[in-house]
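In what follows, a structure is listed as structure tokens, so that the remarks can point back to it.
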Amino acid sequence: MMYPFMTLEDGTEIVHSEMKDNGEVKVYIETPDEEDGFHHMTCFLPSYRIEDEFGYNEDEIQSFLDIVKRNEKRIL
């Protein structure tokens, strides 16, 4: 199950899972896009491993990682 965490001004949604048996929490980020439908990425805490990234540039990825890092304790 995914839980809503944050909605940014540009419509980006950040949601997260419960903690898995392996100690990881899945954080999913999705932004609506007129051309592509949605840009998205998945980040796993506490390692900050990124998987399944589509449509974001490096600055956007870093910005989202900064948000996740600042809120890690609240997410976990």
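The values are calculated or read from the model by the stated rules, or taken from the named source; none is laboratory data. Please read these numbers as outputs of a predicted model, since none were measured by experiment. Virtual Cβ from ideal backbone geometry, glycine too; neighbours counted across all protein chains shown. Surface accessibility is based on the protein's heavy atoms, side chains included, excluding ligands, DNA and RNA. Shrake-Rupley method; radii C 1.70, N 1.55, O 1.52, S 1.80 Å.
A few remarks follow.
- Every residue from region 1-47 that is in contact (Cβ under 8 Å) with a residue 24 or more places away in the chain and open to solvent by 80 Å² or more (accessible area, probe 1.4 Å): Met19
- Test: Thr7 is of a type in the set (Ser, Thr, Tyr), modelled with pLDDT of 95 or more and in contact with a Phe, Trp or Tyr (Cβ under 9 Å, 6 or more places away or on another chain): no
- For region 48-65, a residue qualifies if it is open to solvent by 50 Å² or more (accessible area, probe 1.4 Å), more than 12 Å from Ile14 (Cβ to Cβ) and not in a loop (DSSP other than H, G, I, E, B), and the qualifying residues are Arg49, Ile50, Glu51, Asp52, Glu53, Phe54, Glu58, Asp59, Glu60, Gln62.
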